[in-house]
Amino acid sequence: MCRNIRTLANFAPPSTEAEIRASSLQFVRKISGANKPSKANEELFRRAVDEVAAAAERLIRGWVTTATPRDRDVEIRKHIERSRIRFGKEPKRTPIEPIG
């Protein structure tokens, strides 16, 4: 869907609140079609980000799995290598770096 939205469940160390919020912001931007909402929609947009972040936090913190937690550094290196192969250069930011 959106290249900045990454899997956040089952990581060691666990995903931070900032990472969850950044993904929630990207999700709301995607479904609203607005990168920065108008003044008339600003409060609605902010509330939607808050609600999506709260739901995502509940999901991620409650997720139960028997799989071994993924290593964040290994996943970042995989992303960098895929980017290098696809575009011939390093990505501008890591896949889980908060936005905005």
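Does Ile96 satisfy being at pLDDT below 90, hydrophobic (A, V, I, L, M, F, W, C) and surrounded by fewer than 11 Cβ atoms within 10 Å (Cβ to Cβ)?
Working: at pLDDT below 90: yes; hydrophobic (A, V, I, L, M, F, W, C): yes; surrounded by fewer than 11 Cβ atoms within 10 Å (Cβ to Cβ): no.
In short, no.
Considering only the range 16-67, state which residues are within 14 Å of Ile5 (Cβ to Cβ), free of Cβ contacts under 8 Å to residues at least 60 places away in the same chain and in contact with a helix residue (DSSP H, G or I) (Cβ under 6 Å, 6 or more places away or on another chain).
Ile20, Ser24, Phe27, Val28, Val49, Val52, Ala53, Ala56
Could you list, in sequence order, the residues of the range 57-70 that are outside any loop (DSSP other than H, G, I, E, B) and surrounded by 12 or more Cβ atoms within 10 Å (Cβ to Cβ)? Walk me through how you get there before you give the answer.
Within the range 57-70, the subset outside any loop (DSSP other than H, G, I, E, B) is 57-62, 70.
Selection gives Glu57, Leu59, Ile60, Arg70.
Which members of the range 33-70 meet the condition of being over 15 Å from Ala9 (Cα atoms) and either of a type in the set (D, E, K, R) or over 20 Å from the mean Cα position of the chain (by Cα) (or both)?
Across the range 33-70, the qualifying residues are Lys36, Ser38, Lys39, Ala40, Asn41, Glu42, Glu43, Leu44, Arg46, Arg47, Asp50, Glu51.
With respect to the numbered conditions (1) among the aliphatic types (A, V, I, L, M); (2) surrounded by 10 or more Cβ atoms within 10 Å (Cβ to Cβ); (3) modelled with pLDDT under 95, which one is the sole condition not fulfilled by Ala54?
(3)
The values are calculated or read from the model by the stated rules, or taken from the named source; none is laboratory data. In this text the structure is predicted, and so the values were computed from the model without any measurement. A quick note on method: Cβ atoms are made from the backbone with ideal geometry, for glycine too, and the neighbour counts reach across all protein chains shown.
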